[in-house]
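The values are calculated or read from the model by the stated rules, or taken from the named source; none is laboratory data. As the structure is a computational prediction, the values presented were derived from the model and not from experiment. Here the Cβ positions follow ideal geometry from the backbone for every residue, glycine too, while neighbour counts run over all protein chains shown.
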Amino acid sequence: MSVVSEAVILMAGQGSRLRDSENNFLKPFAPVLGRPLISYTLDLLACAGIERLYLVVGYQSEQMITQLQQLIGSRIHASYIENRDWRKQNGISLLAAAGHVRGPFLLTMGDHLFDNAIVNRLLDSFDPQLLNMAVDRKLDSIFDLHDAMKVRTRKNGVIDIGKNLGNYDAIDIGLFVSPVEIFTYLGKAKSASNQGDCSLTDAVRLMAADGKTQVIEIGDTWWQDVDTPGALRYAEKNLTPLVRS
């Protein structure tokens, strides 16, 4: 049985939709119930047994690294990877981690919150040869369905993915267990772009076409993408009973 000991967190973007003229914090440090947003993910990864963490930074990278170092301390071995092309899509941020991770790795974003049970379910069910995507089929419970990354599945595999899909049956929650082969697919997607750019979604599509994806349903567990002030308020409302328990 493969064991996942490494994780990558993508957090290179500016986070302009959450920040405004009155809030000068870096997005991963947005206060959520009095704690930095990213602290919940760090706790979750530590509890999941992650030993080595790679954080891909970009916007205001020096300040970001300083604040992360203070927050992480010595509880987990953290390395910082700078994406100087942070204005490009998130596939370029993930490509910056190529050559760092050695085996199947946990992949997530710096602005998502998850119930601990979701990570446990993913780590218990992943196939090391496939891109394993956690998905939510509770479509009626999605806070901002219009902005969500929609997925069409068949027999536990991805058929298509995109925010503008008209026919879909699940939502990508931004949590994966990925083989290192994803970097090959990201490279193909980047090469096919006239701008030398690519997204994680581009790589998922290519892997899906080759039958190298698997979706893992999160059931009744909870998650939230914290992209806007409204999403942050919604997250705090739903996170409060979880924290109290």
Exercise for the section: Can you work out which of the residues in the range 208-242 that are among the aliphatic types (A, V, I, L, M) and over 21 Å from residue 178 (Cα atoms) is modelled with the lowest pLDDT? Expected result: 242
Exercise for the section: For residues that are touching a residue at least 24 places away in the same chain (Cβ under 8 Å) and assigned to a loop (DSSP other than H, G, I, E, B), scanning just the range 148-163, find the one that is surrounded by the most Cβ atoms within 10 Å (Cβ to Cβ). Expected result: 148
Completion exercise
Scanning the range 95-110 for residues that are in contact with a helix residue (DSSP H, G or I) (Cβ under 6 Å, 6 or more places away or on another chain) and within 27 Å of residue 231 (Cα to Cα) gives 110
Completion exercise
Only one of 240, 184, 201 is within 16 Å of the chain's Cα centre (by Cα), hydroxyl-bearing (Ser, Thr, Tyr) and outside any strand (DSSP E or B), namely 201
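Specify which of the listed residues (72, 38) is among the hydrophobic types (A, V, I, L, M, F, W, C), touching a helix residue (DSSP H, G or I) at 6+ places or on another chain (Cβ under 7 Å) and crowded, with 19+ Cβ neighbours inside 10 Å.
Details: 72 fails: crowded, with 19+ Cβ neighbours inside 10 Å.
Answer to the check: 38.
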Exercise for the section: Filter the range 115-131 down to residues that are under 16 Å from residue 45 (Cβ atoms) and crowded, with 19+ Cβ neighbours inside 10 Å, then give me how many there are. Expected result: 6
Completion exercise
Out of (1) under 16 Å from residue 203 (Cα atoms); (2) part of a loop (DSSP other than H, G, I, E, B), the one residue 132 does not meet is (2)
Exercise for the section: Take residue 46 and decide whether it is modelled with pLDDT of 95 or more, surrounded by 14 or more Cβ atoms within 10 Å (Cβ to Cβ) and of a type in the set (Gly, Ala, Ser). Expected result: no
